[in-house]
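The values are calculated or read from the model by the stated rules, or taken from the named source; none is laboratory data. Note that the structure is predicted; figures quoted are calculated from it, not measured. For neighbour counting, all protein chains shown are included, and Cβ atoms are generated from backbone atoms with ideal geometry for every residue, glycine included. Areas reflect the complete protein model, heavy atoms only, side chains present, ligands, DNA and RNA absent. Shrake-Rupley method; radii C 1.70, N 1.55, O 1.52, S 1.80 Å.
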Amino acid sequence: MHKVSDRYIFEIGVYPSEPESFIKERSKRLQEHLEWLANAGGVGPDRAPDVFDNSKEYFLKKYGGWRYTQAIGWIRLFVLGRQMRGEYWFVNSKRIDREMNKRKFEYCGKAFELSFFPGEDTSTEIFQQTLNAINRLKAEKPFKGRYIDLEAFENIGKYVNWRKILGFD
């Protein structure tokens, strides 16, 4: 595990599916729920609009959003000397499903490590090698078949002075 002196710089979420798949499934289930309300309960938008709207809001709140309620793991990037390392935390569950209300994340160890040397790599190359290492995780357990959310990392990573973070500049 890490020491207090290690410098954490980024966390990357891991999800069971891409956000589009989650939103599509949530919309489908919401529609089924609203149809059931209208047919079985007689609660439709025209007959009982307040009850209908409250039921819709309750469903969406219970189902949750994607980014923060559906995470099943985290890759945490940090600098250790001249190395860029990724460690990971993953849910402690044999079965991963959408409704994991009591999920607990366990420290699972090192996901990858990259060594760099002064004068050899540019900041852009360090970023690209780190991004490549994270992308390679997609073929390994427990990341295989999961969605690693690299959006924020890719958006900011190209502007970071990675050489300075590693102590070279």
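Table for the structure above
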| read-out | value |
| --- | --- |
| Per-pair calculated FRET efficiency, R0 = 30 Å: Asn92 and Lys62 via Cβ, rounded to 0.05 | 0.85 |
| Heavy-atom accessible surface of the chain: percent carbon and sulfur, 1.4 Å | 49 percent |
| P(r) histogram, all alpha-carbon pairs of the chain included - 10 Å bins from 0, percent | 9, 30, 25, 17, 11, 6, 2, 0 |
| Where the chain is the region considered: accessible area per residue in Å², 1.4 Å probe | 64 Å² |
| Potential extension, Lys138-Cys108 segment - 0.36 nm per residue separation minus Cα distance | 9.2 nm |
| With at most 14 other Cβ atoms within 10 Å, longest stretch of the chain clear of loop GluC sites (Glu not before Pro) (DSSP) | 1-98 |
| Selected from Phe127, Ala40, Gly145, residue furthest toward positive end of dipole (the chain; charges at beta carbon) | Gly145 |
